Amino acid sequence: MFRGIKAATAAVALSIAAFASAGAGDAEATKLRVTFENLAQNGGFFFTPVYGAFHDNSGFDIFNVGEAASPVFERLAEDGNFAPLRDDRVANFPNSQGVALTGIGPIGPQSSVSFDIHVDGSINTHFVFASMLIPSQDAFIGLDESVELFDSNGNFISPFSLTFDRSDIYDAGTEDNSDNSAVAFLNQGAEDTGASENGVIGLHEGLSDEILNAGLIGPNGDIPFSRDAADFTQDDFGIFARITVTAIDVPEPSSIAMLGFGLLGFAAFRHRRKRSIA
């Protein structure tokens, strides 16, 4: 990992980092910004509010591919309602920290939302999220496995960014995709009104022709919707969403830690530059 960095620089940096880590067990909360971008073309699909959480590694989970969706996740995947999942998280993982990225209504094509949160990285080391794709019966994207963003000392590891393409769209297996009588953000009048499927979570095979040919969507039926922009079964559909987590207010360490982090940062910069040139 440190190949190409002068041995003397690496030795000094690592020595000082050892002093810095001595008091890192009491890491302060780190201010993070979580940003979700809908990169779909105009006329494409929308996303419901993005819900996620920072948590420890003791078992908190949102969904698992190949398994039946939990009742609380079903409400998110079918209706975009994350309240049951949030309440379940708070009851069973009280030290976790929730994240809700919401705008004025659903997140439309070519738009983004952000959420700032102070995270105690000494406790909540991992991040997970999900969001429903609309209009659909129960299509969604998210993280099947949480991503680790803090090290064992509670320090933010690095910015995290993940893009999504058509192979990342899941079917919750809770609502029959052939029933187009009550599709969220199209013609659904109330929650939990579609025909049940009683299946398991897996990759989505594509929206129905009835949805793709709707032309207009939304609660008032006045939002343009294009098959060309929303049919993710097309080979050239491309990237349609991105989620990013960055630190915007790193806790100020002691002077000795600052020196250590500075030298390590210099070493990392040298390493990254070497990799980019190679």
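What follows is calculated from the coordinates using simple rules that are stated; it is not laboratory data. Not measured: the values here are computed from a predicted model. Cβ coordinates were reconstructed from backbone atoms using ideal geometry, including for glycine residues, and neighbour counts include every protein chain displayed.
Key figures for this structure:
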read-out	value
Residues ILE104 and ASN153, FRET efficiency given R0 of 35 Å [Cβ-Cβ distance, rounded to 0.05]	0.30
Whole-angstrom Cα spans of segment 28-250 along principal axes, big to small	52, 33, 31
Gain on full stretching of the segment that runs from THR244 to SER58 - 0.36 nm per residue minus C-alpha separation	64.6 nm
HIS55, HIS118, HIS126 arranged by Cβ crowding within 10 Å, fewest neighbours leading	HIS118, HIS126, HIS55
Cβ-based charge dipole, segment 28-250, positive-most Cα from PHE47, ASN57, HIS118	HIS118
Charge sum, other residues only, whose C-beta stays under 10 Å from TYR170's C-beta, Lys/Arg counted +1 and Asp/Glu -1	-4
GluC sites (Glu not before Pro) lying in DSSP loop within segment 158-253, provided at most 16 other Cβ fall within 10 Å	GLU191, GLU205
Karplus-derived 3J(HN,Hα), 6.51/-1.76/1.60, for each residue of segment 127-143, Hz, glycine and proline x	9, 8, 7, 7, 8, 7, 8, 10, x, 6, 7, 7, 7, 7, 10, x, 9
Student exercise, segment 28-250 dipole from Lys, Arg, Asp, Glu Cβ charges, in Debye to nearest 20	740
